[in-house]
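The values are calculated or read from the model by the stated rules, or taken from the named source; none is laboratory data. In this text, all values refer to a predicted model and were calculated from it rather than measured experimentally. Backbone-built Cβ (ideal geometry, glycine too); neighbour counts: all protein chains shown.
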Amino acid sequence: MSFLSRIMLLKSQAHFSADVGRASVTTEGPTFKGTAKRKTEMARNRVGLIIFSFVVAYAVIGGRLVQYGQAQPETVSSIMPADRLMASRPDILDRNGEVLATDIRTVSLFAEPHKIVDPDEAVEKLATVLTDIDIRDTYRKLTSDSRFQWLRRQLTPKQQSQILALGIPGVGFRPEKRRFYPGGATASHVVGYVNVDNRGMAGMERYIDNQGMADLRALGMTSNVPLEPVRLSIDIRVQNILRDALVHAVTNYKAIAAGAVVLDVHTGEVIAMSSIPDFDPNRPQEGAEEGWMNRMTNGTFEMGSTFKTFTTAMALDSGKVRMTDSFDARYPIRIGGFTIRDFRGKNRVLTVPEIFQYSSNIGTARMAEAVGITGHREFLTRMGLLTRLETELPEVKAPSQPREWKQINSITISFGHGVSTTPLQTAVSAAALVNGGKLINPTFLPRDEETANEIAKVVVRPETSENIKYLFELNGQSGSGRHALVPGFNVGGKTGTAEKVVNGRYSDDQNFNSYLAAFPIDNPQYLVMSFIDAPQTGEGGGRTAGLTAAPIVGNIIRRSAAILGVEPKFGEDGSALLVSY
């Protein structure tokens with residue numbers, strides 16, 4: 001075969017192969033189109049599946065959110081809901097608008113033990129800021145099975161920033177309210193204090209909760225909105241003077257305790273009241289039980305010869321005794337195995353004013369006998385001395401009296417032994433004897449005279465009140481109350497020196513001394529009462545009420561009379577002026 005023949009053969013073969021290839025493509029066309037369609041459908045299915053998965057996922061999330069929104073908050077015994085923790089308490093103000101108690105914002109430190117990585121390291125770091133932290137107790141909390149533990153309540157801003165800088169995982173801060181008392185211990189027994197959860201525990205703080213705030217808090221109906229302040233009848237200026245006088249007396253007279261009150265005789269408002277020892281409500285735990293005890297309202301005592309004021313008023317008001325009458329005080333009274341004597345007696349017949357001025361036990365007992373046991377008990381009940389005092393403070397103790405009144409009981413009660421009352425209760429009853437005869441329950445909230453007259457009870461005749469004012473002035477000028485005299489303010493009153501009951505028996509060397517005073521006695525506006533428990537010394541070395549309790553009253557009146565708006569009077573008719581050149 002020639003070369004040309006070979007080339008032609010190869011060309012014909014190549015042409016055949018090309019036709020075969022084109023025939024093959026044409027034959028497989030429908031197969032290629034089916035494969036592409038399947039791939040497109042698969043892609044659509046995958047996209048649909050992805051979309052469906054997202055829809056399901058978001059539906060589950062949405063459903064859970066709805067479920068959580070409708071579910072009740074998880075109750076954990078260690079912590080209250082946030083809205084209750086942040087609930088405001090109303091500010092407490094004195095009668096002039098000075099702040100006595102207010103809320104300040106603070107934070108508390110908590111831990112979530114399940115999130116704590118290294119408890120040992122966490123405790124070591126916290127101890128660098130909270131130096132007084134209990135290491136063992138904190139470690140126990142951080143390793144407990146609970147999901148929440150308080151570590152420290154009410155931190156300072158500096159402590160919070162320092163702990164934040166430590167970067168401890170699993171610990172956090174919760175905003176809270178802290179009660180702050182700008183005056184410290186000045187009015188602690190009146191204002192009271194709150195616990196770490198901002199709940200009132202004593203005084204007017206507890207009174208506020210008892211008016212419904214505690215119930216609203218329990219129902220979750222309180223909020224963080226500032227509340228209307230609560231204004232008290234207390235004048236913080238007079239309160240500071242009164243407390244300072246008591247602290248001075250306890251220190252100088254080496255006494256166990258002391259107390260005093262300034263009372264508006266026409267409205268029943270308590271202008272100032274304090275009991276020493278007391279406490280700082282910003283740190284109430286440091287007060288211990290001695291400081292927490294409000295002896296003015298929550299302590300009952302035999303008030304001694306101050307009770308002779310009520311016995312004399314009873315005798316005069318009954319009409320069976322007149323100011324001009326006399327009683328034989330020459331001989332002791334012997335009854336039921338007891339002998340009643342006078343302290344520094346005159347051993348003679350005494351008139352009613354002399355019985356009061358010389359504080360004769362014998363003469364007072366004779367006046368009680370003239371009235372009788374039934375009349376005696378009825379009069380003290382009418383004066384509110386045998387029933388529990390009604391006022392806003394929760395800490396009020398009921399008085400004590402004999403179960404059965406016998407002759408011996410009436411005699412000893414006439415001069416202040418056998419019945420125990422609170423000092424405030426005694427002051428309130430005495431105020432009725434100098435304000436014209438109206439018994440007005442005391443209040444620690446502002447009250448005007450018109451409102452007071454609406455709730456007042458007339459307990460003695462106006463003539464009886466005038467006689468008691470005369471006797472107060474007599475005793476204040478020339479009797480045992482001389483150490484309470486303040487030039488220009490005409491202070492009158494009655495002292496009481498009672499033997500203190502120790503281990504069920506009267507002690508010969510411990511007294512409970514008190515002094516009831518009103519000023520200006522010609523037209524009384526305020527009643528001041530003081531007591532001092534077991535003084536070891538007094539003015540001039542004596543331990544009687546005239547040398548211990550009376551000077552306290554004089555100190556209070558001397559420094560506060562001008563603040564109370566009482567104008568001094570000099571000269572016999574009060575017209576003389578005090579001039580300084």
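Does any residue of the stretch 23-45 turn out to be at pLDDT 80 or above, basic (Lys, Arg) and under 30 Å from residue 179 (Cα atoms)? No, because not a single residue in the stretch 23-45 is at pLDDT 80 or above, basic (Lys, Arg) and under 30 Å from residue 179 (Cα atoms). For first residues located in the stretch 268-290 and under 12 Å from residue 258 (Cα atoms), partners that are at pLDDT 95 or above and among the β-branched types (Val, Ile, Thr) and lie 6+ apart or on another chain with Cβ distances below 7 Å form the pairs 273/190; 273/261; 276/247; 276/250. Taken over the stretch 61-110, the residue count meeting the criterion of being surrounded by 10 or more Cβ atoms within 10 Å (Cβ to Cβ), in a loop (DSSP other than H, G, I, E, B) and modelled with pLDDT under 85 is 6.
Okay, residues lined up against (1) modelled with pLDDT of 95 or more; (2) crowded, with 24+ Cβ neighbours inside 10 Å; (3) under 22 Å from residue 566 (Cα atoms):
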{"site": "231", "(1), (2), (3)": "yes, no, no"}
{"site": "234", "(1), (2), (3)": "yes, yes, yes"}
{"site": "240", "(1), (2), (3)": "yes, no, yes"}
{"site": "263", "(1), (2), (3)": "yes, yes, yes"}
{"site": "266", "(1), (2), (3)": "yes, no, yes"}
{"site": "291", "(1), (2), (3)": "no, no, no"}
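Within the stretch 465-479, residues that are among the charged types (D, E, K, R) have Cβ atoms under 6 Å from residues that are outside any helix (DSSP H, G or I) in these pairs: 469/434; 469/521; 473/492; 473/521, counting only partners at least 6 apart in sequence or on another chain.
Pairs linking a residue in the stretch 333-357 that is at positive phi to a residue that is modelled with pLDDT of 90 or more and outside any helix (DSSP H, G or I), with Cβ atoms under 7 Å and 6 or more positions apart or on different chains, are 347/330.
Answer yes or no: is there a residue in the stretch 116-135 that is surrounded by 14 or more Cβ atoms within 10 Å (Cβ to Cβ) and closer than 22 Å to residue 227 by Cβ. Checked against the condition, which is being surrounded by 14 or more Cβ atoms within 10 Å (Cβ to Cβ) and closer than 22 Å to residue 227 by Cβ, the stretch 116-135 yields no hits at all.
Scanning the stretch 512-542 for residues that are touching a residue at least 40 places away in the same chain (Cβ under 8 Å) and farther than 30 Å from residue 437 by Cβ turns up 533, 534, 535, 536, 537, 538, 539.
So, in the stretch 487-497, of the ones that are β-branched (Val, Ile, Thr) and modelled with pLDDT of 95 or more, which residue ends up surrounded by the most Cβ atoms within 10 Å (Cβ to Cβ)? Step by step, filter the stretch 487-497, then rank; the result is 495.
For residue 550, the conditions (1) without any contact (Cβ under 8 Å) to a residue 24 or more places away in the chain; (2) in contact with a Gly (Cβ under 6 Å, 6 or more places away or on another chain); (3) of a type outside the set (D, E, K, R) all hold with the exception of (1).
Among the residues of the stretch 509-525, those identified as surrounded by fewer than 24 Cβ atoms within 10 Å (Cβ to Cβ) and part of a strand (DSSP E or B) are 509, 510. Among the residues of the stretch 164-208, count how many are of a type in the set (D, E, K, R) and closer than 16 Å to residue 100 by Cβ. Final tally of qualifying residues: 4.
Those helices (runs of 4 or more DSSP H) of the stretch 123-191 in which 1 or more residues are small (Gly, Ala, Ser) occupy 157-166, 188-191. Every condition in (1) out of contact with any helix residue (DSSP H, G or I) (no Cβ under 9 Å at 6 or more places or on another chain); (2) closer than 22 Å to residue 470 by Cβ; (3) not aliphatic (A, V, I, L, M) is met by residue 374 except one, and the failing one is (2).
So which of 327, 356, 307 ends up being in a strand (DSSP E or B) and either surrounded by 14 or more Cβ atoms within 10 Å (Cβ to Cβ) or assigned by TED's automatic domain parsing to the domain that holds residue 193 (or both)?
Details: 356 fails: in a strand (DSSP E or B); 307 fails: in a strand (DSSP E or B).
Result of the check over 327, 356, 307: 327.
Of all residues in the stretch 229-251, those being over 21 Å from residue 101 (Cβ atoms) and either of a type in the set (Ser, Thr, Tyr) or without any contact (Cβ under 8 Å) to a residue 40 or more places away in the chain (or both) number 2.
Within the stretch 546-581, restricting attention to residues that are of a type in the set (Gly, Ala, Ser) and assigned to a loop (DSSP other than H, G, I, E, B), which residue is modelled with the lowest pLDDT? Quick ask: steps written out before the conclusion?
Here is the first cut: in the stretch 546-581, the ones of a type in the set (Gly, Ala, Ser) are 546, 549-550, 554, 560-562, 565, 571, 574-576, 580.
Subsequent filtering for residues that are assigned to a loop (DSSP other than H, G, I, E, B) retains 561-562, 565, 571, 574-575, 580.
Values: 561: 97, 562: 95, 565: 95, 571: 74, 574: 65, 575: 67, 580: 53.
It comes out as 580.
Matching residues to (1) touching a helix residue (DSSP H, G or I) at 6+ places or on another chain (Cβ under 7 Å); (2) buried (at least 21 other Cβ atoms within 10 Å of the Cβ); (3) of a type outside the set (Val, Ile, Thr); (4) over 22 Å from residue 317 (Cβ atoms):
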| site | (1), (2), (3), (4) |
| --- | --- |
| 452 | no, no, yes, no |
| 455 | no, no, no, no |
| 459 | yes, no, no, no |
| 474 | yes, no, yes, no |
| 480 | yes, yes, yes, yes |
| 499 | no, no, yes, yes |
| 502 | no, no, no, yes |
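Selection within the stretch 164-195: residues that are in contact (Cβ under 8 Å) with a residue 24 or more places away in the chain and surrounded by fewer than 13 Cβ atoms within 10 Å (Cβ to Cβ). The member of this set that is nearest to residue 122 (Cα to Cα) is 169. Are any residues in the stretch 268-289 at pLDDT below 95, of a type outside the set (Gly, Ala, Ser) and either assigned to a helix (DSSP H, G or I) or buried (at least 24 other Cβ atoms within 10 Å of the Cβ) (or both), and if so, which ones? If the condition is that a residue be at pLDDT below 95, of a type outside the set (Gly, Ala, Ser) and either assigned to a helix (DSSP H, G or I) or buried (at least 24 other Cβ atoms within 10 Å of the Cβ) (or both), then 284, 285, 286, 289 are the ones that fit.
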